[in-house]
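Comments concern the structure below.
The values are calculated or read from the model by the stated rules, or taken from the named source; none is laboratory data. Every value quoted in this text rests on a predicted model; they were computed, and no experiment measured them. Ideal geometry is used to build each Cβ from the backbone, glycine not excepted, and the neighbour counts take in all protein chains shown.
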């Protein structure tokens with residue numbers, strides 16, 4: 001799995017080819033928007049959903065945990081997708097299999113039916129060094145296609161970009177690549193600017209959303225990260 005590195009102040013954030021990010025100084029692994037149980041929710045509602053997605057998500061999580069021994073794992077919201085079901089129960093088995101890790105869930109908008117698991121500490125936000133872990137970037141509004149606003153971020157964090165930086169999920173960032181003719185492909189991507197990093201959705205049944213704002217984008221294809229544009 002390929003990695004690339006970005007810095008926020010003196011703090012290193014390593015972007016991984018699976019869509020997670022790692023802070024080596026603090027042994028902290030960040031994962032956004034897994035949306036476990038989404039395929040089950042769809043099928044229960046009569047909406048077709050591919051088989052095997054849940055197992056792939058759990059397998060990817062297991063590999064990420066194993067690659068970062070004894071790390072604090074911080075889920076940046078939406079680890080679940082609504083009501084608990086059989087698919088979400090397998091996450092508890094996975095957490096039980098990794099007692100050497102600490103698991104934090106920064107509550108997301110889809111995490112409204114949370115299980116009471118002793119392995120999972122649920123919080124509204126979490127800070128690691130100068131990085132504040134949130135689910136939604138301040139000012140985010142999908143209705144107006146606004147991923148964040150600097151004003152909202154500065155109001156909430158007055159020392160933003162000085163000794164406070166933000167790392168978030170929620171937006172499912174992606175970029176569209178143009179091929180020959182009219183062909184296009186949309187891929188997952190990390191997004192960063194001087195005060196913010198947004199992780200792509202870790203889950204396999206999540207989609208991508210173009211942010212359409214200035215910044216640096218790191219696209220992911222088959223575990224390879226490529227810096228695309230600024």
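Would you call residue 167 within 21 Å of the chain's Cα centre (by Cα), in contact (Cβ under 8 Å) with a residue 60 or more places away in the chain and closer than 20 Å to residue 218 by Cβ? Against the criterion (within 21 Å of the chain's Cα centre (by Cα), in contact (Cβ under 8 Å) with a residue 60 or more places away in the chain and closer than 20 Å to residue 218 by Cβ), residue 167 qualifies. Quick check on residue 139: is it in contact (Cβ under 8 Å) with a residue 12 or more places away in the chain, surrounded by 14 or more Cβ atoms within 10 Å (Cβ to Cβ) and farther than 21 Å from residue 74 by Cα? The answer is yes for residue 139. Entry remark, the stretch 162-180: residues being crowded, with 18+ Cβ neighbours inside 10 Å and assigned to a loop (DSSP other than H, G, I, E, B) number 4 in total. Taking residue 229, is it over 18 Å from the mean Cα position of the chain (by Cα), under 21 Å from residue 144 (Cβ atoms) and either buried (at least 18 other Cβ atoms within 10 Å of the Cβ) or modelled with pLDDT under 95 (or both)? Against the criterion (over 18 Å from the mean Cα position of the chain (by Cα), under 21 Å from residue 144 (Cβ atoms) and either buried (at least 18 other Cβ atoms within 10 Å of the Cβ) or modelled with pLDDT under 95 (or both)), residue 229 does not qualify. Please go through the stretch 62-73 and pick out each residue that is in contact with a strand residue (DSSP E or B) (Cβ under 8 Å, 6 or more places away or on another chain) and free of Cβ contacts under 8 Å to residues at least 40 places away in the same chain. Of everything in the stretch 62-73, just one residue is in contact with a strand residue (DSSP E or B) (Cβ under 8 Å, 6 or more places away or on another chain) and free of Cβ contacts under 8 Å to residues at least 40 places away in the same chain, namely 65.
Within the stretch 130-155, if we keep just the residues that are more than 17 Å from residue 31 (Cβ to Cβ), in contact with a strand residue (DSSP E or B) (Cβ under 9 Å, 6 or more places away or on another chain) and not in a loop (DSSP other than H, G, I, E, B), the residue that is modelled with the lowest pLDDT turns out to be 142. Number of residues in the stretch 11-27 that are in a loop (DSSP other than H, G, I, E, B), closer than 12 Å to residue 129 by Cβ and touching a residue at least 60 places away in the same chain (Cβ under 8 Å): the value is 2.
Could we say that residue 19 is surrounded by 13 or more Cβ atoms within 10 Å (Cβ to Cβ), under 20 Å from residue 204 (Cα atoms), in contact with a strand residue (DSSP E or B) (Cβ under 8 Å, 6 or more places away or on another chain) and at pLDDT 95 or above here? Full working, then the answer.
Values: surrounded by 13 or more Cβ atoms within 10 Å (Cβ to Cβ): yes; under 20 Å from residue 204 (Cα atoms): yes; in contact with a strand residue (DSSP E or B) (Cβ under 8 Å, 6 or more places away or on another chain): yes; at pLDDT 95 or above: yes.
Considered against the rule, which asks whether it is surrounded by 13 or more Cβ atoms within 10 Å (Cβ to Cβ), under 20 Å from residue 204 (Cα atoms), in contact with a strand residue (DSSP E or B) (Cβ under 8 Å, 6 or more places away or on another chain) and at pLDDT 95 or above, residue 19 comes out as yes.
Filtering the stretch 101-112 to residues that are more than 20 Å from residue 71 (Cα to Cα) and out of contact with any helix residue (DSSP H, G or I) (no Cβ under 9 Å at 6 or more places or on another chain) leaves 108, 109, 111, 112. Among the residues of the stretch 96-118, those that are surrounded by 13 or more Cβ atoms within 10 Å (Cβ to Cβ) and modelled with pLDDT of 90 or more comprise 98, 101, 102, 103, 104, 105, 106, 107, 108. Just so you know, in the stretch 200-221 the residues that are crowded, with 16+ Cβ neighbours inside 10 Å and more than 16 Å from residue 147 (Cα to Cα) include one that is modelled with the lowest pLDDT, and it is 205.
Consider residue 146 carefully, then state whether it is surrounded by 15 or more Cβ atoms within 10 Å (Cβ to Cβ), over 24 Å from residue 57 (Cβ atoms) and free of Cβ contacts under 8 Å to residues at least 12 places away in the same chain.
Details: surrounded by 15 or more Cβ atoms within 10 Å (Cβ to Cβ): yes; over 24 Å from residue 57 (Cβ atoms): yes; free of Cβ contacts under 8 Å to residues at least 12 places away in the same chain: yes.
When the stated conditions are applied, residue 146 passes them.
For residue 68, the stated conditions hold: it is modelled with pLDDT of 95 or more, surrounded by fewer than 24 Cβ atoms within 10 Å (Cβ to Cβ) and assigned to a loop (DSSP other than H, G, I, E, B).
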